[in-house]
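Asks: Before anything else, here's the structure in question.
The values are calculated or read from the model by the stated rules, or taken from the named source; none is laboratory data. Since the structure is predicted, the reported quantities are computational estimates derived from the model, not experimental observations. For neighbour counting, all protein chains shown are included, and Cβ atoms are generated from backbone atoms with ideal geometry for every residue, glycine included. Accessible surface areas use protein heavy atoms only, side chains included; no ligands, DNA or RNA. Shrake-Rupley method; radii C 1.70, N 1.55, O 1.52, S 1.80 Å.
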Amino acid sequence: KFAIGRCHRQSAFMTGKCVGVISMPGTMTNMLKPWDKGGAYAPQPRYDDDGQIVWEPKSPEGSYWGRRLKFPGSTQVWDPATNTLKECNPELCPKAVPHSRTGQLVNYAPFFAEGGESYAIRGTSAPKRKMLMWKFFAWLASLPATALPLSGFYRNSQLSDAGRAEVLLESGWPQIMVDDIFELLRAYFLDPEVGDGLNPPGNAAMDLLLLGFSEYMEDLDRIMIHGFALSQPVLYSESPGLPKDLYAQAASDLIQAYNTRTESYGWLQQVARWRESLNLPFMSKEEICTEFRDRVDDSECRVFDPPPDDWANVLVYPLAIVAGLAVLMLVCLFGRRLQKELIKKRRLEEDRLRRSEELIECAEDELKELGYPMVLVSARTFLSMEQLVHYEALRDKGLLVVLDSLRAVFEFKMMNLIVFLSHQWLGLQHPDPHRVQYKAMQAAVAEIIRRGSSLSTLRDGGVARDCEFELTLDSVYVWCDYASIAQMHRQSQMLAVGSLPVYASVADVFIIVAPSTTHASTSKPCNIDTYNARGWCRAEILSKVCSTGLEQTFVSTSGEGSMEPMTQDWLDRLDLKVFDGNFSCCALGHRCPSGANRFTICDKQNLVRPMLGVYSLMLRKGDCEGVQAILAHIEKEKSSFFPETFQYKKGENKCEERELFGPLVFMMEQYVMKSESSDLVARRSSASEAVQSYHGNQFQDEELGRAPGRQTSAAIAASEEAAKSQDLATKSVSLDEELGDAKETPNDVLHEVQKAPMVVSLDDVA
């Protein structure tokens with residue numbers, strides 16, 4: 001909606017007011033929603049001459065006319081072993097369910113067909129506008145699947161949260177329409193073996209996120225739609241049911257066409273992309289060939305086979321060889337076998353080395369860019385909440401700031417201060433059920449604002465610069481896991497958790513919040529020691545101190561939120577050995593809810609790459625005084641900070657030793673030593689320096705009261721700089737008086753801080 005009214009996309013696009021249009025989903029809902037509740041495409045009632053309704057879209061029993069139904073399934077499935085259609089059995093269709101009447105197994109693999117979006121550019125628009133829209137659409141196409149609104153990922157709350165049903169009813173959905181959509185979602189995404197849906201739920205079909213997607217769809221349209229479903233033998237058949245022989249032939253033709261498409265792009269590449277779209281663990285091409293040799297093109301996997309045995313040709317003449325030569329041949333055969341084993345071992349070592357080198361490069365790359373956007377909440381919002389509010393609630397109210405790249409973070413930090421709050425969870429379902437930590441957090445954030453000009457903003461590399469802006473409720477932003485990380489979308493949550501070290505390293509202020517209290521679920525005491533026992537908490541602290549040293553890192557252990565700076569004494573007291581800490585996955589035995597014999601990857605393995613990148617950053621900044629102390633601290637027990645192996649717990653009693661860092665730490669040290677320049681620090685700082693070089697000159701010109709480029713004497717500059725410092729000091733004193741002493745409650749602090757002026761708004765930065 002604009003100031004001049006609502007801009008309707010259909011009329012605006014056709015009349016030339018809009019150069020482009022994006023059509024998002026919603027057609028089905030607008031068809032099923034009642035006409036008097038906003039259903040744009042629902043049938044309208046009919047009236048007589050007196051204006052009385054003579055017909056409206058309702059069934060005789062009063063229910064609404066439109067219904068959602070589950071897609072039908074199939075009693076047959078394609079068997080790749082025989083290349084034929086076969087009746088479902090527990091082996092071929094492990095997720096099939098018995099038919100309610102016949103008892104025959106039916107395989108349901110529904111696609112949630114209520115999404116879809118279209119893009120259009122008006123041909124008669126100006127060339128520059130068309131090019132702008134084209135670049136925008138191309139950018140959308142470059143986003144990862146998990147960042148798109150229609151990527152096939154859904155939140156668990158859509159299946160179980162009763163509050164969602166209340167929202168739908170309030171927005172005009174009939175009860176039967178709400179019941180239909182929830183029944184449909186459960187049928188698609190919840191499987192009886194999974195129950196809660198935390199693991200790959202149900203048997204829902206997903207988009208083919210592969211190269212040549214449109215070509216696969218063309219084959220489907222040509223063979224199954226026009227060649228079979230719309231063919232004359234099917235349309236005009238007088239016998240009941242579909243002709244099974246024609247259907248089997250069409251299925252065979254489709255499989256053959258799909259195989260041809262896959263071969264043209266490469267089986268291994270397509271399998272790797274498909275696994276990536278499902279967020280499955282990474283597998284090398286050799287591992288894919290080993291695991292799925294019977295499903296991929298054998299010609300692509302031959303390169304990983306051991307060298308062929310040429311001694312078979314020699315064995316054609318065994319009868320012509322005397323006994324002495326037979327012994328020699330046996331010796332040669334043994335040598336050849338040994339040679340093959342050595343070659344295989346060397347190839348495995350080379351592959352391992354190659355993957356280790358790729359991992360080292362990826363570890364550094366992850367510190368050059370965010371693996372997932374950094375989400376912040378303003379101090380104004382944070383201090384006004386009654387308790388910690390989860391990410392989805394703040395997102396739906398538009399109270400979050402999302403920074404998509406490091407460049408965006410550094411530009412944002414030019415006029416804003418980022419505070420990172422690190423804490424432990426005091427409940428199984430909520431991090432702070434009794435608001436003990438939240439009160440301490442509020443007081444700590446208020447204290448940061450009160451300190452004002454005594455704080456510095458930390459640029460990349462841990463370089464401190466005096467704040468060029470006044471600290472107010474609108475220039476201080478908070479990162480807190482419950483408010484900044486998705487709580488109901490597992491894939492987004494894991495991406496954000498993997499970026500925790502980067503979030504901690506770019507924060508201006510890092511505060512450990514660990515007041516003494518009790519756990520709401522276990523009634524066990526919780527304090528700074530239990531906080532420090534958590535592996536993820538140790539990872540956050542280590543990421544911060546490795547990036548910037550102890551600069552602007554504070555510890556709050558009282559319920560009133562009083563803080564003290566982290567010193568060398570604190571560093572000696574706190575245990576920063578991340579991989580010796582406690583992880584929930586290890587306590588649960590890494591068991592998947594979906595089955596007794598399925599296990600998940602350990603959080604320690606997920607932390608290897610981020611912590612390796614943090615260590616690389618610390619090595620490259622070894623000349624910095626603040627980082628030198630941390631580096632010396634790690635050197636004392638390097639093997640404990642970066643263990644080569646760890647004990648992986650499978651279930652309750654079984655453990656197995658697995659590789660963790662292996663030789664990666666030594667390789668990273670060699671990699672950094674051989675680097676001709678600190679490319680990581682340089683590239684990671686490029687965004688910050690580019691923003692500073694522009695904004696810094698602009699701010700300096702405005703503060704000195706002159707046009708850019710004009711020369712001013714040193715005396716005038718010094719005089720005006722002193723006046724500026726005096727003005728900032730006056731504002732700081734004024735803000736101190738407004739905030740009052742530390743005995744005020746957080747709500748009192750909020751009302752007082754709201755009076756403080758906001759020097760630069762987000763619009764000014766934009």
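Asks: Starting with the highest mean, order 95-102, 608-615 by the number of other Cβ atoms within 10 Å, averaged over the residues of each peptide.
Replies: Sorting 95-102, 608-615 by mean packing, highest first, produces 608-615, 95-102.
Asks: Sticking with this structure for a sec: Compute the relative contact order of region 337-409 as a whole-number percentage, counting only Cα pairs closer than 8 Å that sit 6 or more residues apart in sequence.
Replies: Computed over region 337-409, the figure is 37 percent.
Asks: Among LEU473, LEU230, what's the order by accessible area (1.4 angstrom probe), most exposed first?
Replies: From most accessible down to least: LEU230, LEU473.
Asks: Let me ask another. Taking the alpha-carbon set of region 342-433, what are its Rg and Dmax in Å?
Replies: For region 342-433, the Cα-based Rg and Dmax read 20.7, 67 Å.
Asks: Now, a different point. Between GLN429 and SER384, how many nm apart are label points set 7 Å from Cα along the C-beta direction?
Replies: For the pair GLN429/SER384, the computed spacing is 2.8 nm.
Asks: Okay, moving on. What fraction of the DSSP beta bridges in region 484-627 is antiparallel, stated in percent and rounded to the nearest 5?
Replies: Working: 5 of 10 bridges.
Roughly 50 percent of the beta bridges in region 484-627 run antiparallel, per DSSP.
Asks: Separate question: Give the peptides 240-251, 494-505 in descending order of average Cβ contacts within 10 Å, highest first.
Replies: 494-505, 240-251
Asks: Next question. What is the distance, in nm, between label points placed 7 Å from the Cα along the Cα-to-Cβ direction at LYS244 and at ARG293?
Replies: About 3.6 nm, to one decimal.
Asks: Arrange the residues CYS586, CYS480 by how much accessible surface each exposes, largest first, with a 1.4 angstrom probe. Each step should come with its number before you reach the end.
Replies: Working: CYS586 25, CYS480 0 Å².
Largest to smallest exposure gives the sequence CYS586, CYS480.
Asks: If you don't mind, another one. List the lysines whose Cα lies under 21 Å from the Cα of LYS244, skipping any in the same chain that are fewer than 8 positions away.
Replies: LYS244 reaches LYS86.
Asks: Can you spot the lysines whose alpha carbon is less than 18 Å from LYS128's alpha carbon? Ignore those fewer than 8 places along the same chain.
Replies: Leaving aside lysines fewer than 8 places away in the same chain, those within reach of LYS128 are LYS17.
Asks: Could I ask something else about it? Rounded to the nearest percent, how much of the accessible area of region 488-582 (1.4 Å probe, protein heavy atoms only) is carbon and sulfur?
Replies: Of the solvent-accessible surface of region 488-582, carbon and sulfur hold 48 percent.
Asks: Ordering ARG591, ARG129, ARG435 by how much accessible area each has at a 1.4 Å probe, largest first, what is the list?
Replies: Descending accessible area places them as ARG129, ARG591, ARG435.
Asks: Let me ask you something else. Among the listed pairs LYS285/LYS345; LYS413/LYS577; LYS604/LYS650, which are separated by more than 20 Å between their Cα atoms? Let's see the in-between values first.
Replies: On the way: LYS285/LYS345 17 Å; LYS413/LYS577 30 Å; LYS604/LYS650 14 Å.
Result: LYS413/LYS577 exceed 20 Å.
Asks: If you count only protein heavy atoms and use a 1.4 Å probe, how large is the accessible surface of ASP365, to the nearest 10 Å²?
Replies: 70
Asks: Which value, in debye to the nearest 20, describes the size of the charge dipole of region 542-665 about its Cα centre when Lys and Arg Cβ atoms bear +1, Asp and Glu Cβ atoms bear -1, and nothing else is charged?
Replies: 680
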